[in-house]
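What follows is calculated from the coordinates using simple rules that are stated; it is not laboratory data. Please read all numbers here as calculations on a predicted model, not as lab measurements. No Cβ is skipped: glycine too gets one built from the backbone with ideal geometry, and neighbour counts run over all protein chains shown.
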């Protein structure tokens, strides 16, 4: 007799990626338990913001207002060379100065309000798959163990993912050659260096944080001086800071210290049987440009609705397979751009020629657009119909429509995480074509600011993750896209 399910999906890891997956699953009607090792939030924040595309992902779920005072920065960099990202429409360097701890708190409250169950103090130990589901064994705070049973398991447990290892998923790539150390310090009295300062002995950065806290980041070109320990002491970092800058910060009080490297690895497969990976469990890289957490959030948004549709029973054949097919190439490109940046940022004199070449290229507008699109992630185009309308496979741009009920922003149409048919030409034939999918697709008739707002398209079918699945005026083509992404029509 098959064991009773504890939830449709078990998520291991309660960071931003795991919590985002949980919220997306609940919006799709799937039950979910999140098993998190920490008994309470650590309060530590490696990430201090997120990219344009992650910000748009939060916007389409109505989460932006939960970040009071959120501001975006037009100025970013590539390989340490600063430039204005708004050279590309809809692009910016993302939301800055938002601690990861704040993002986690927002997502935990949101996912919980939707019915996701977060169980803290649960350390992953083992998994066992069969044809009906996955049984996960976790350690409990009292020193015991418990088993959690779900149809699927999502590993969102970070770079050293125990889920990935237990599932037998390869993690090829390169080991780190450069070590960076960071500390959040009070009372060190250093001047801000948000874009970094290159000195003969290394590279330093200083970011002012709320409450008089300074985040300092340091790398020494001579890696033998500080070593590659995972748990450095502040005294070691202070000594290195003085070697590089000549400044004494040893009198400061460190709230926490950490380190990271430029190790670059990607899971060979994002799904193996009933186990799926997302976020750092699927890809690790140099944390430059706020891309790491942002990529994990986007993994979650791509995966959540597809996995929910699968456990709800309406997913068309092969829908879940598109998670790996779409996100693995995005991850590979992310690793490529961060490696390219790392060679310029952390190299000493031997990399000066590369930095000078970057500076020359970035002076060109077309290069700026290319790089801004890559780092902000707004240039992503999934391979849905490469020969179709230019918007197909791309994210629905945030625009305002005039509707019978008043003006509405396109991200608002995605708050419920359902598909959306945007009828931009009041086409009754297209609206009728969606009748069999009304439980999965909402129809909105509206007028865009100009006929060219959406590249001249008169109708768009948008997936729950905000990506355009079809554009046109032919009901037959719309019906084909509906079957492809939303399964069979409801006979009723």
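Need one number: % antiparallel among DSSP beta bridges in region 27-134, to the nearest 5. It would help to have the intermediate numbers written out before the result.
Details: 8 of 12 bridges.
For region 27-134, the DSSP antiparallel bridge percentage is about 65.
Report, in whole Å, the centroid distance computed from the Cα atoms of region 99-152 and region 179-197.
If we compute the Cα centre of each part, the gap is 35 Å.
Arrange 403, 219 by Cβ neighbour counts within 10 Å, fewest through most, would you? Intermediate values should be presented prior to the final figure.
Details: 403 13, 219 24.
Ranked by crowding around the Cβ, least crowded first: 403, 219.
With an 8 Å Cα cut-off and a minimum separation of 6 or more residues, compute the relative contact order for region 338-492 in percent. Spell out each step's value before the answer.
On the way: 210 pairs, mean separation 31.4, N = 155.
This gives 20 percent for region 338-492.
Strictly greater than 21 Å: what percent of every Cα pair in region 1-91 meets that? Show your work: numbers first, answer last.
Numbers: 2133 of 4095 pairs.
Cα-Cα pairs in region 1-91 separated by more than 21 Å: 52 percent.
Please give the length that would be gained between residue 117 and residue 222 if that part of the chain were fully extended, namely 0.36 nm times their separation in residues minus their C-alpha to C-alpha distance (nm, one decimal). Write down the numbers at each step before the final one.
Working: separation 105, 0.36 × 105 = 37.80 nm, distance 4.66 nm.
Stretched fully, the residue 117-residue 222 segment lengthens by 33.1 nm.
Between rounded, prolate and oblate, where does region 131-218 land on the alpha carbon gyration tensor, with a ≥ b ≥ c its root eigenvalues, rounded for a/c under 1.5, else prolate if a/b exceeds b/c? Walk me through the numbers before you get to the answer.
Working: a/c = 3.82, a/b = 2.11, b/c = 1.81.
Since a/c reaches 1.5 and a/b is larger than b/c, the shape of region 131-218 is classed as prolate.
If contacts are Cα pairs under 8 angstrom and at least 6 residues apart, what is the relative contact order of region 400-486 in percent?
Relative contact order comes out at 31 percent.
Could you work out how much longer the chain between residue 425 and residue 321 gets when fully extended? Use 0.36 nm per residue separation minus the Cα distance between them, nm to one decimal.
On the way: separation 104, 0.36 × 104 = 37.44 nm, distance 3.37 nm.
Full-extension gain reported as 34.1 nm.
Stretch residue 333-residue 105 to full length: gain in nm at 0.36 nm per residue minus the Cα-Cα span?
Full extension from residue 333 to residue 105 adds 79.1 nm.
Pairs of Cα atoms under 8 Å, at least six residues apart: use those to get the relative contact order of the chain, whole percent.
Values: 1044 pairs, mean separation 83.5, N = 492.
This gives 17 percent for the chain.
Using mean Cβ contacts within 10 Å as the protection proxy, how do 445-454, 427-436 order, highest first? List each step's numbers first, then the result.
Numbers: 445-454: 15.0, 427-436: 16.6.
By packing density, highest mean first, the sequence is 427-436, 445-454.
Restricting to the chain, what percent of DSSP beta bridges are antiparallel, rounded to 5?
Working: 65 of 86 bridges.
So the antiparallel bridges amount to about 75 percent of the total.
Any idea what angle helix 234-245 forms with the longest principal axis of the chain, computed on alpha-carbon atoms, 0 to 90 degrees, nearest 10?
80 degrees
To the nearest Å, what is the center-to-center distance of region 2-76 and region 364-443, using C-alpha atoms only?
Each part reduced to its Cα centre gives a spacing of 22 Å.
Can you give me the distance in nm between label points at residue 175 and residue 263, each placed 7 Å from the Cα along the Cα-to-Cβ direction?
The modelled label-to-label distance comes out at 1.0 nm.
Within region 362-382, which residues have the backbone N less than 18 Å from the label spot 7 Å out from residue 72 along Cα→beta-carbon, could you tell me?
368-381
With both bridge residues required to lie in region 411-466, what share of the DSSP beta bridges run antiparallel, to the nearest 5%?
On the way: 4 of 9 bridges.
Once the DSSP bridges in region 411-466 are tallied, antiparallel ones form about 45 percent.
Within 10 Å of each residue's Cβ, count the other Cβ atoms and sort 12, 179 from fewest upward.
Least crowded to most crowded, the residues run 179, 12.
What is region 374-492 by shape, rounded, prolate or oblate, if you read a ≥ b ≥ c off the alpha carbon gyration tensor as root eigenvalues and call it rounded for a/c under 1.5, prolate for a/b larger than b/c, and oblate otherwise? Please list the in-between numbers first.
Numbers: a/c = 1.44, a/b = 1.14, b/c = 1.27.
It is rounded, given that a/c, with a ≥ b ≥ c, falls under 1.5.
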